[in-house]
Amino acid sequence: MSSEMLPAFIESSNVERKQSLSEDQEKSQKPRLGEGFEPISKRQMKKLIKQKQWEEQRELRKQKRKEKRKRKQLERQCQLESNSDGNDRKRIRRDVVHSTLRLIIDCSFDSLMVLKDIKKLHKQIQRCYAENRRALHPVQFYLTSHGGQLKKNMDENDKGWVNWKDIHIKPEHYSEFIKKEDLIYLTSDSPNVLKELDESKAYVIGGLVDHNHHKGLTYKQASDHGIGHAQLPLGNFVKMNSRKVLAINHVFEIILEYLETRDWQEAFFTILPQRKGAVPTDKACESSSHDKKSARVEDGLDSDSSEEENSRNEPESPHEEEKQDKENSNESTVNSIPH
């Protein structure tokens with residue numbers, strides 16, 4: 001080999017040696033098959049089962065919403081065909097059957113909320129108004145104790161509210177113009193569970209976005225004023241993986257949906273957000289019995305079950321806890337539904 005080719009040969013040998021060493025290091029860092037893997041725990045297994053249920057119900061929920069949209073589209077099409085002359089949109093509005101049920105958002109909690117929560121309340125009220133205007137059986141919609149921060153925010157960010165139709169916006173408290181015997185306050189703390197809606201009554205939804213700072217406030221207010229109270233029958237029809245907290249507009253929309261279908265389960269599953277992971281109670285019972293059987297089999301292999309028992313009241317993971325906090329920030333705890 002000539003002296004001119006020798007440096008090039010040495011350099012290429014060094015490069016090959018370095019590549020060989022890096023490949024050996026990568027191989028040594030990779031875990032061998034069967035090493036470093038722990039068997040799946042009971043809690044992880046339960047989380048996987050819940051996740052699977054949520055994924056399965058996603059398509060069902062999507063299908064229900066699609067069916068509802070198709071049903072309403074067909075109804076509107078039939079109305080258009082029967083009313084072919086004139087302004088069809090106005091004729092459709094005249095064909096709507098208005099419910100005599102009064103639905104009140106009680107805005108008397110203005111001083112208990114910061115501006116961020118007032119803005120969320122305003123958005124939920126806007127959603128309620130829009131849904132009621134589109135409904136086939138719209139309710140008699142009331143905003144009471146309207147003033148303070150809420151009115152100021154609406155004046156600044158939604159000046160068109162003064163032209164809203166089919167809504168009664170009053171600065172007075174609802175008790176000043178509605179008979180006490182006609183009032184029913186919807187509160188999760190009530191021991192009374194609604195079976196059906198009485199359209200001669202006035203149902204009150206607490207207009208409070210408080211992030212769980214004022215638990216039991218609406219129930220106390222209803223009791224102190226001698227007003228009837230009740231909770232929606234969510235627990236009778238639905239099992240949810242997340243906390244049972246509903247926004248004001250969700251409660252409002254569920255009532256609108258029930259007036260149309262007269263079916264609580266369909267109303268809940270049509271309106272509840274997908275992130276709630278809701279499943280029918282009968283399927284949840286089947287899943288629960290399956291979990292218990294699995295736990296008994298695992299307990300036979302692992303007698304130390306005290307660790308799982310002690311951790312049941314703790315968040316399953318930091319990510320889950322953060323997710324729950326995020327959900328709570330968007331919803332009113334006044335309208336939460338108990339187990």
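Overview of results
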item	result
Any hit, the stretch 113-128, residues being more than 14 Å from residue 208 (Cβ to Cβ) and crowded, with 21+ Cβ neighbours inside 10 Å	yes
Filter result for residue 99 (at pLDDT 85 or above, among the hydroxyl-bearing types (Ser, Thr, Tyr) and open to solvent by less than 90 Å² (accessible area, probe 1.4 Å))	yes
Of all residues making up the stretch 95-126, the number that are touching a Ser or Thr at 6+ places or on another chain (Cβ under 9 Å) and in a loop (DSSP other than H, G, I, E, B)	5
Qualifying positions in the stretch 134-146 - modelled with pLDDT of 95 or more and open to solvent by 20 Å² or more (accessible area, probe 1.4 Å)	140, 142, 145
Residue count for the stretch 171-199, restricted to those that are open to solvent by less than 80 Å² (accessible area, probe 1.4 Å) and over 30 Å from residue 261 (Cβ atoms)	4
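Rundown of residues vs (1) more than 17 Å from residue 249 (Cβ to Cβ); (2) assigned to a strand (DSSP E or B), yes/no style:
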{"residue": "132", "(1), (2)": "no, no"}
{"residue": "136", "(1), (2)": "yes, no"}
{"residue": "143", "(1), (2)": "no, yes"}
{"residue": "152", "(1), (2)": "yes, no"}
{"residue": "155", "(1), (2)": "yes, no"}
{"residue": "162", "(1), (2)": "yes, no"}
{"residue": "166", "(1), (2)": "no, no"}
{"residue": "171", "(1), (2)": "yes, no"}
{"residue": "178", "(1), (2)": "yes, no"}
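A quick yes/no check of all residues on (1) open to solvent by 10 Å² or more (accessible area, probe 1.4 Å); (2) at pLDDT below 90; (3) in a loop (DSSP other than H, G, I, E, B):
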site	(1), (2), (3)
211	yes, yes, yes
218	no, yes, no
221	yes, yes, no
236	yes, yes, no
242	yes, yes, yes
246	no, yes, yes
253	yes, no, no
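The values are calculated or read from the model by the stated rules, or taken from the named source; none is laboratory data. It should be emphasised that the depicted structure is a prediction, and the values quoted were computed from it without experimental measurement. Methodologically, a virtual Cβ is constructed for each residue, glycine included, from the backbone with ideal geometry; neighbour enumeration extends over all protein chains shown. Just so you know, the surface numbers come from the protein's heavy atoms only, side chains and all, with ligands and any DNA or RNA stripped out. Shrake-Rupley method; radii C 1.70, N 1.55, O 1.52, S 1.80 Å.
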